[in-house]
Each structure stands twice: as C-alpha cells, then as structure tokens.
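Encoded as structure tokens, the structure appears first; notes follow it.
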Amino acid sequence: MIGLGTISSSYETGLRNSKGIDCRYVCDIAPDAVSRAVYLDKEYVSDYLPLFRTGKVDLAIIATPPDTHAEIIRDCLDYGVYPVVEKPVAQTQDLVSDLLQSDCRFEVIFHWLHGSEVIWFAENVSLKEVKNIKISIRDPYADRGGRIRPEFHNKFGCWLDSGVNALSLLTRFVDLNTLVPESLSFAMDEASGQPYRAACSMHSGKTMIEMDMRWDVDENHKFTVIEADGHEYVIDHTAQAVICDGVLVYRDNVMPRLQRHYFNFFVNYPQSSTDWDTNLLIHRKLYEAYDYQDQRNMA
C-alpha cells in the first residue's frame, strides 16, 4: 500500500479479512504518517521503486493525493504491478488521458458503490420508472465564508472529490452515456482556486438528476432521494440506511461508514471490481463538467 494518510486507516479491517489481497508492505515518505501505527505488522518502506524491482509485489493500492496518482500508476505499469487506486485517478483529464485511452488497465476504488445501503438497495429494490434523483453531499472542509481549509487542498475541491462519488452512484440507476447537462455552477474559493460548492442539474431520458455539494457547512451528511414507481426512497449514506415512504427498511450500524465501504470492497475483491468501461465513463463525465462550466462562463 502506497500512502499512509487518513484514508488508509479505513482500509485496515477490509484488508485483514480479504482473501483476494495479501497486504505485506506499506510505503510513505513520512515514517510517522498518520496511519502508520495501524500497520505496524507490515514491512515499511519509504520508496516503493526498490521494492517493485525485487518482483515481490503483484498489486499496489495507491492511497496518496490525486495529483500523485498518474506518476505512481505509470511506475506500477512499468514494473508489472497492478494498480488499485483511490478515486479519482487525477485532478485533471490531461494528466491521465494517455492512461485512460491506452490498453493499460488499472482498478479504481469508487467507495460509495460499496456502501451496505447501496448494495442492499441494488439487490432488493427493482426500479422501473425513475422520475427524480437528488444527491446531496455535505462536508465540513471549508469555513462559512467558502475558504477551504489548507489541510483539504489536496482534495482539489468538492466536484473532484465528491462529484466522482455521485457519478459512480448514478451508474446504479442510469446509463451515464445518456446524461445531458442542463446547468452547472461552482462557487470558488479564490485563495485555493478550488470549488467549495457545486450545483448540477442533468437529465437521462425522463429522469431528472440534481447534485448539490457543499463544503461550507458544519456537518458531514450524504444522502440520495429517489422518486420512482410512486415511491420516495431515501438512501442515507451517512446513517447507512434506506427509508421507503418514511419507513426505515434497512440499516447497517456494525461499523463506521467508510470502514464498511472498504471492508465490502476488499473482502469481496476481485468480484467487487468496477469494469474498465464504467471506470472510463465515470471519469469522462467528471472531467467534462469542468469543460461545460468553462463554456457556460464564456457564453
């Protein structure tokens, strides 16, 4: 595993119970990285390249900030190591366009897809006519004035960090190829040049889709509301619950939300993998949003 920041600690339970991945080494340039203590039983290295040269590694989990992903993926591919990278692949399409369009293959962890509430919904609710989908994402990463806190600058704004989650979730309900943008607006933090708010409206056939992302709040709450077949479903991602017409029909409170996402991913790996075409489509729609916003601003 490359990168021992905060998110890596959420992998631990899933990795220890995984039959598809045997994590033996951890790497970070900082020996006192925040998640180092979680993996004291793993061999630590500060540079992954000498380890790759030994031929002892088959797969690398890349858990570093997005602006480092492309270089590490290329190093993995050069040494025949299969990359499994935290979403998103990079902060701009230019950085990974050659990788996304090549014959190379790598895995992306879209952790929202592995929430127990999302899996339960997909397995137990059959939707026929979806009228509306509203995805709301709240994170306390900026102050009320829209200034993103410096420790969160490496997420590159709410659209890159949260939009990829919303788009991956939409693959459960609509064909992303049919998505047509109607409006998209960002509220920008001038100091970092990153969006702290994003509001997006799209449609897929007769299905209307709204996505609202805010970092200038004092809460962490994610939920999706779906109007379909005469019912209102609320998928409360934070509570790991599903509510149908005001009645709680499912809840998982065995472990914290992020820990559960990665537990489900790693324990079921490689069956939990996202196919390559879906990986490409999610990222294409993610990056296209910036181009659409630029065109709207120019108009």
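Give the residue, chosen from GLY163, GLY157, GLY115, that is among the small types (Gly, Ala, Ser), surrounded by 20 or more Cβ atoms within 10 Å (Cβ to Cβ), at positive phi and touching a residue at least 24 places away in the same chain (Cβ under 8 Å).
Details: GLY163 fails: at positive phi; GLY115 fails: at positive phi.
Selected residue: GLY157, the only one of GLY163, GLY157, GLY115 that is among the small types (Gly, Ala, Ser), surrounded by 20 or more Cβ atoms within 10 Å (Cβ to Cβ), at positive phi and touching a residue at least 24 places away in the same chain (Cβ under 8 Å).
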A careful count of residues in segment 259-293 that are within 15 Å of VAL164 (Cβ to Cβ) and open to solvent by 50 Å² or more (accessible area, probe 1.4 Å) gives 3
### Task
With the condition kept exactly as written, say whether any residue in segment 88-103 is modelled with pLDDT of 95 or more, open to solvent by less than 50 Å² (accessible area, probe 1.4 Å) and within 21 Å of the chain's Cα centre (by Cα).
no
Per the list (1) more than 21 Å from HIS114 (Cβ to Cβ); (2) touching a Cys at 6+ places or on another chain (Cβ under 6 Å), residue check on ASP28 breaks on (2)
Filter segment 212-225 for residues that are closer than 24 Å to ARG251 by Cβ and surrounded by 18 or more Cβ atoms within 10 Å (Cβ to Cβ); the one that is nearest to the chain's Cα centre (by Cα) is LYS222
Within segment 235-258, the count of residues that are surrounded by 18 or more Cβ atoms within 10 Å (Cβ to Cβ), assigned to a strand (DSSP E or B) and of a type in the set (Lys, Arg) comes to 0
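Consider ILE137 carefully, then state whether it is over 19 Å from ARG284 (Cβ atoms) and in contact with a helix residue (DSSP H, G or I) (Cβ under 8 Å, 6 or more places away or on another chain). So that I can check it myself, show each step before the final result.
Details: over 19 Å from ARG284 (Cβ atoms): yes; in contact with a helix residue (DSSP H, G or I) (Cβ under 8 Å, 6 or more places away or on another chain): yes.
In short, yes.
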Within segment 1-40, the residues that are free of Cβ contacts under 8 Å to residues at least 12 places away in the same chain and more than 22 Å from TYR269 (Cα to Cα) are ASP32, ALA37, LEU40
Picked from segment 67-82 (must be touching a Leu at 6+ places or on another chain (Cβ under 7 Å) and open to solvent by less than 20 Å² (accessible area, probe 1.4 Å)), the residue nearest to ASN154 (Cα to Cα) is ALA70
From the option list SER46, SER97, single residue qualifying as farther than 22 Å from PHE265 by Cβ and either among the charged types (D, E, K, R) or free of Cβ contacts under 8 Å to residues at least 12 places away in the same chain (or both) is SER97
The residue from ASP175, ASP143, ASP139 that alone is of a type outside the set (Val, Ile, Thr), open to solvent by 60 Å² or more (accessible area, probe 1.4 Å) and in contact (Cβ under 8 Å) with a residue 24 or more places away in the chain is ASP175
Say whether the condition of being in a helix (DSSP H, G or I) and within 30 Å of ALA187 (Cβ to Cβ) is met by at least one residue in segment 129-146.
no
Picked from segment 160-175 (must be polar (S, T, N, Q) and part of a helix (DSSP H, G or I)), the residue nearest to ALA228 (Cα to Cα) is SER168
Scanning segment 200-234 for residues that are closer than 21 Å to LEU160 by Cβ and not in a strand (DSSP E or B) gives TRP215, ASP216, VAL217, GLU219, ASN220
GLY205 passes all but one of the listed conditions (1) surrounded by fewer than 17 Cβ atoms within 10 Å (Cβ to Cβ); (2) out of contact with any helix residue (DSSP H, G or I) (no Cβ under 8 Å at 6 or more places or on another chain); (3) without any contact (Cβ under 8 Å) to a residue 60 or more places away in the chain; the exception is number (2)
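The values are calculated or read from the model by the stated rules, or taken from the named source; none is laboratory data. Computed from a predicted structure; not experimentally measured. No Cβ is skipped: glycine too gets one built from the backbone with ideal geometry, and neighbour counts run over all protein chains shown. Surface areas here come from the heavy atoms of the whole protein model, side chains and all, with no ligands, DNA or RNA. Shrake-Rupley method; radii C 1.70, N 1.55, O 1.52, S 1.80 Å.
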